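The values are calculated or read from the model by the stated rules, or taken from the named source; none is laboratory data. Quick caveat, the model's predicted, so the values are computed rather than measured. Cβ placement follows ideal geometry from the backbone for every residue including glycine, while neighbour counts extend to all protein chains displayed. In case anyone asks, the SASA skips ligands and DNA or RNA and just uses the protein heavy atoms, side chains included. Shrake-Rupley method; radii C 1.70, N 1.55, O 1.52, S 1.80 Å.
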Amino acid sequence: MPKAFLNDTKMVLGCSPFFDRLLAQISLGLSETSMQQAIFSHTDSALLPTFPLPPDPTNPLSHLGTLMPGHDAPRTGGWDRRIDPGLQGCHLLGGAREAKREAHADQSVTILHAKVAQKSYGNEKRFFCPPPCVYISGHGWRVVQDHLKAGGYGDSVYRICGYMCLDSSSQSQADAFKLLFDEQPNSRQLFACAKSLFISDQDKRKHFCLLLRLFLGNRQEVGSFQSRMIKVISKPSQKRQSMKNADLCISSCSKVALFNRLRSQTVSTRYLSVDRGAFIASARQWTAFTITMVDDQRADQGGIVLSEGFICYGSVVQFICTESGVALPPMVIRKVNKQHAILDVDEPVSQLHKCAFHFRDNPNAYLCLLNDTIIQYQAPSSIRDSSRVVLNDGSCWTIIGVEVVQFTFNQGLTCIQTPVSPFPVINGLEVNGGGHVAMLEIHGENFSPHLKMLFGNREAETMFKSPKSLLCVIPDVSVYSDNWRCFRRIITLPLSLIRTDGLIYRTSYSFTYTPELHLSASSRGAAGGREGGADGGQEDGEDILLETIHQEFTRTNFHLFMQS
């Protein structure tokens, strides 16, 4: 082996006795040819173990697991993720600190809002419909209250208050809507809605966000939370939508809300909602539903088959509550024009369109509102035109796409005094490399050098690249169990971000370690015996030794890259 390689390797890895011993063994027992074979072997293989393989067959675990974003998780209990009991009590190699935190101490802030908003012209005020809603839930809020009580503060100190406004810098505190939180009956969460928010024609933006600021009673700021983008429209489009305006179409598996406005009066607006498993009409609260398009032809053969694409009139759809999971029966969506359901229209459904919902299994029955209750209305057919059905006011619904944005964090028992904002948001993950030196690149917003990545309850080495990108080393699976070599099942861990002061930001992403099939040690020994006799075992040992150096070399380069 050339001395130049040994000197360069020693320069990078340092002068520790461990590395000196490794380099000495290489210089004495390995040839240049065997070293090249070992390096190429690592390049071609997905994984190589850190320690010598046991004589029994094993299935090493790969870092390249499935990255699974959460989909439509309920607002309550969605973050109560438990790590496998067999993975507890393990220590991270390298002395990284452990971030133990109970999931039941989480604090959640959930914002529900529409995807589009109508602009107000002149002196008129078109309030956002449905109004933006805020839910506060999680046992962590009770922990904060108990902490303030122990400090001798009064009841008014730990009450939560909030303000919501548009994210325009020109707006003052006076333009913000003050939120009054009420405790929900039969629930441990608080609720408030901003009923009088609007956007005027003086605001020339085509998109905007809502900004929520929360405070405790002693004026201590909890943090600022931002909604998703809201598109500004002048009025609902009655033209057939093209792909140019695809963002105004309602797609299958998206979230929507339904409301009914009797005699076009704002005060008579009622929203379709779910209360204790029953569908009701509410004047204040509304529920986000997942609208799914059902393949009617295949569904007749048994079961419900979901379809993708844009929702079109004449399609069979089903509404599923995103919080409780209860669903309405399959219904055919119809376009409404002048209080008539049009039966021969198949164009895409657009935002703020008036629709009617005909129950597929009940002829002439339509979803209807009557005295704040939901009923089936038996609609008579039109005598003059068989393609039209006469409806009443309660059967004419307005459909609109909505967003559900959840922010979950954990302050622990220390009750951190600094605001939780800016709240980091993860938009995507990307795995680079493989084996013991696999890296995870995190894409998102509001990142800072004070954030580290958590795999379950274990902190990973993390590097800040930009406010929209982080890079971390994926922990070895041996961190999570002493007998990890015997595992033949996948291990899934929730991904979180932790701030330097101990504040944990929960995410909807997880990381999965998956077992990979490899040739057993006995099979490798037999193959080596056929090819090279006794030299096979020596080559395996040399490969393992070189692999150890390669891992330390790569990790050291990562540390140097972080410092630079």
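Observations
- Filter result (polar (S, T, N, Q) and within 19 Å of Pro130 (Cβ to Cβ)) within the range 182-202: Gln184, Gln189, Ser196
- Among the candidates Ser382, Ser448, the residue that is within 25 Å of the chain's Cα centre (by Cα) and hydroxyl-bearing (Ser, Thr, Tyr) is uniquely Ser448.
- Considering the range 396-441, the residues that are hydroxyl-bearing (Ser, Thr, Tyr) and either modelled with pLDDT of 95 or more or within 27 Å of Ser227 (Cβ to Cβ) (or both) include one that is most open to solvent (accessible area, probe 1.4 Å), namely Thr418.
- Test: residue in the range 255-262 that is in a helix (DSSP H, G or I) and not hydroxyl-bearing (Ser, Thr, Tyr): yes
- For the range 174-197, a tally of residues being open to solvent by 60 Å² or more (accessible area, probe 1.4 Å) and farther than 15 Å from Leu112 by Cα returns 9.
- First in the range 354-366 and of a type in the set (A, V, I, L, M), second anywhere and part of a loop (DSSP other than H, G, I, E, B), Cβ under 6 Å, 6 or more apart: Ala356/Leu391
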